[in-house]
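One structure below.
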Amino acid sequence: MNNFKFKIERSLSKINKNEWNNCANTNDSPYNPFVSYEFLNALEVSQSINNDTGWFSTYLLAENNKGELLGCVPSFIKNNSNGEYVFDHEWANAYQRSGGSYYPKIQVSIPFTPVTGRRFLVKDRMKDTNIISELSYELSKLTKKTNASSAHVTFLTKKESDILKELGWLTRKDQQFHWKNNNYKNFDEFLSTLTSRKRKNIKKERSTFEESLIEIEHIEGKDIQKYHWDYFYNFYLDTTIRKWGQAYLNKDFFKIIGDTMKDNLLLIMAKKNDHYIAGALNFIGGDRLYGRNWGCTEDHKFLHFELCYYQAIEYAISNKYKYVEAGAQGTHKIARGYSPEITYSAHWMKERNFSDAVEQYLKYEDGEVEKSKKMLESYLPYKKEN
């Protein structure tokens, strides 16, 4: 039996920042900004969570007998399924039709952030399997203790997914689209790898801005000013409210990360007549660029593609980042060189009959996801190798 002590903290303010970060981003894994203390703390301090969005922080911690933090889990009690990007609304409806209450549930993820990363933040990676096993058992206990129906770990790594599957959790697959930098010297060299028709389409889309009065700026974290965030927040509000009906993140969140995460931020902004009209927020971590939020107050054809995809690719090439992750959904990304990649989630259901039903559904769904991935790969715009 391991000498772990487990506890729940409702706020990061009660957790040592350095200890959390020592678990979240170890030396032998690429830096992920979203599991950092700074990102999660910005969500808390700005009150973007622990409110009517339905995310209530319930961090699970594992300590040794000296009180040193060995592992932590960004876990939340949820009373809805909003802001997760792994959809279980049909499960909730079925559960409630059978007479149960699907909510509350336990959610292990980064709020409003469909980015793969470690969810069991273990300080000593050599002991991953051991501590993950113990932490997952504690999650099932927490599910029962809080009268929740289930526990869900979303956008976890494949390694974590495999460990949880061995422990009896149900695992689920989905996909999103990532661009890979094959050591391109510049954007033109990337274009040269595409078929003639796709290459011409991208050049045509980009020429719209070469011939317009729209200027594009790359503003790195250290150079982002308060007025940049004011503009960007208006873009974010305009797009999220039109598309989703609710803006999860508030202005304070962006200003806090602007102060605490300068080395991990890139704003790509579009300006017309000395006035900003659109912007895309990217995070930088390890070997990749993460496209996260975008918005505009003027509609211009192809502006979204330019700011969110082509400019991100150019920046990645110039700065030698290996990948660009462009967020959830969007098969239109394929024509622009972004390939389908499998994402993973894991689920533990308290009611055995319901768990069995979900397991049968997932067997079918996983097969469909794999078939979809193969079909989408056939539409990739790259030249076929002889």
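Rule-based calculations on the coordinates, nothing more; no lab input. Because the structure is a prediction, the values reported are computed rather than measured. A quick note on method: Cβ atoms are made from the backbone with ideal geometry, for glycine too, and the neighbour counts reach across all protein chains shown.
Of note:
- A quarter of the convex hull surface defined by the alpha-carbon atoms of segment 61-113 gives 4.8 nm² as the mean projection.
- Computed over the alpha-carbon pairs of segment 286-380, the distance histogram in 10 Å steps reads 12, 33, 27, 19, 8, 0 percent, short to long.
- The modelled label-to-label distance for the pair Asp287/Thr331, using points 7 Å beyond Cα in the direction of Cβ, is 3.0 nm.
- Working from the Cα coordinates of segment 182-321, the gyration tensor eigenvalues give, after taking √(5λ), semi-axes of 26, 19, 13 Å in decreasing order.
- Convex hull volume of the C-alpha atoms in segment 105-154, normalised per residue: 79 Å³.
- Over the chain, dividing the summed -39,500 (n - 2.57) contributions of all DSSP H runs of at least 4 residues by the number of residues returns a 222 nm mean residue ellipticity of -11000 deg cm²/dmol.
- In the chain, the longest principal axis of the Cα atoms and the axis of helix 251-260 are about 90 degrees apart.
- 27 Å tail of the calculated P(r), the chain, as % of Cα pairs: 52
- Projecting label points 7 angstrom from Cα along Cα→Cβ for Ser339 and Asp252 puts them 4.3 nm apart.
- From the largest down, segment 119-273 spans 60, 41, 32 angstrom on the principal axes of its Cα atoms.
- Alpha-carbon centroids, segment 143-201 and segment 259-329: separation in whole Å: 19
- The calculated FRET efficiency for the pair Arg206 and Ser372, based on their C-beta separation and a Förster distance of 35 Å, comes to about 0.75.
- The distance between label points at Thr146 and Asp162 comes to 2.9 nm (points 7 Å beyond Cα on the Cα→Cβ vector).
- Between Tyr227 and Asn65, the FRET efficiency estimated from the beta carbon spacing at R0 = 41 angstrom works out to 0.20.
- Counting only Cα atoms, the size of segment 34-191 along its three principal axes is 58, 45, 37 Å, in decreasing order.
- Helix 352-377 and the longest principal axis of the Cα set of the chain meet at an angle near 20°.
- Sites excluded, trypsin sites (Lys or Arg not before Pro) in DSSP loops with at most 13 other C-beta within 10 Å, longest stretch of the chain: 67-184
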